[in-house]
1. Return the residues of region 5-36 that are of a type outside the set (Val, Ile, Thr) and surrounded by 19 or more Cβ atoms within 10 Å (Cβ to Cβ); say none if nothing qualifies.
2. Does Ala52 meet the test of being within 22 Å of Ile128 (Cβ to Cβ) and either in a loop (DSSP other than H, G, I, E, B) or under 12 Å from the mean Cα position of the chain (by Cα) (or both)?
3. Here are some conditions: (1) closer than 21 Å to Tyr121 by Cβ; (2) buried (at least 20 other Cβ atoms within 10 Å of the Cβ). Pro65 meets all but one. Which one does it not meet?
4. Restricting to region 69-120, name every residue that is touching a Cys at 6+ places or on another chain (Cβ under 8 Å) and without any contact (Cβ under 8 Å) to a residue 40 or more places away in the chain.
5. Look at Glu60 and say whether it is buried (at least 16 other Cβ atoms within 10 Å of the Cβ), in contact (Cβ under 8 Å) with a residue 40 or more places away in the chain, among the acidic types (Asp, Glu) and part of a strand (DSSP E or B).
6. Name, by its number, the condition in (1) closer than 12 Å to Leu22 by Cβ; (2) part of a strand (DSSP E or B) that does not hold for Ser67.
Amino acid sequence: MAEKKLIDLYPYRQKGDSVEFLLLKRAKGKIYQGQWRMIGGKVESGESYWQAALRELKEETNLHPISFWTIPSVNQFYEYSTDTILTIPAFAAEIDPADPVQLNEEHKSCRWIQSHEATTYIQWPEQIRLIELTNRLILSNKILSDWRVPFS
C-alpha cells in the first residue's frame, strides 16, 4: 500500500493584539462530516507537502497568504482502519483580515476563532495543540526565518 501523504494548514489573521484562526465546518457527505476543522488534504503526485498546503488553501477558501511557514511540530495519530501511524506536517498561513473566505463544496460554513476557543469547536487533540502552539509562536514573535517558506 502506498504511503498516505497528508497536510494540515492553519490559516490565521491578526487583528490588533489578537490572532484568529479559520475553522471550516465539513459538509454533509464529506469525510469528517459536520466537524469543525482546519484545512487538511492529500499531497498529490509530484507535489511537495508545502505546495499541497498552498493548493488546499486556494481550493477550499480561495485565500492567498501574506506569509506562509512550517509549524515546528507535526500532527501524529494512529489510524486503526489502515493500521498506520500518520505523521502530518503542519503549516500556518497568515491571511489579510480584509480578504473574504469563499468556501468550496467540501464545507458548509466557516468561522474565525481565537486559540482559547479551539476546544469548543475542534475534536482532535493534536489540532487543538497545534493551534495553541501556533498562537504562542505568533504572539511571542518567535517564528524563525528557517520556517518561512518562500512562495509566489
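All of the numbers you see were taken from the coordinates with simple rules; none came from a lab. On a predicted model such as this, the values are computed, not experimentally measured, just so you know. Every residue, glycine among them, receives a Cβ derived from its backbone with ideal geometry; neighbour counts consider all protein chains shown.
1. Just the residues of region 5-36 that are of a type outside the set (Val, Ile, Thr), to begin with: 5-6, 8-18, 20-30, 32-36.
If the condition is that a residue be of a type outside the set (Val, Ile, Thr) and surrounded by 19 or more Cβ atoms within 10 Å (Cβ to Cβ), then Asp8, Leu9, Tyr10, Pro11, Tyr12, Arg13, Glu20, Phe21, Leu22, Leu23, Leu24, Trp36 are the ones that fit.
2. No: the conditions fail for Ala52.
3. Going through the list (1) closer than 21 Å to Tyr121 by Cβ; (2) buried (at least 20 other Cβ atoms within 10 Å of the Cβ), Pro65 breaks only (1).
4. If the condition is that a residue be touching a Cys at 6+ places or on another chain (Cβ under 8 Å) and without any contact (Cβ under 8 Å) to a residue 40 or more places away in the chain, then no residue fits.
5. For Glu60, the condition - buried (at least 16 other Cβ atoms within 10 Å of the Cβ), in contact (Cβ under 8 Å) with a residue 40 or more places away in the chain, among the acidic types (Asp, Glu) and part of a strand (DSSP E or B) - is not met.
6. Here Ser67 meets the rest and fails (1).
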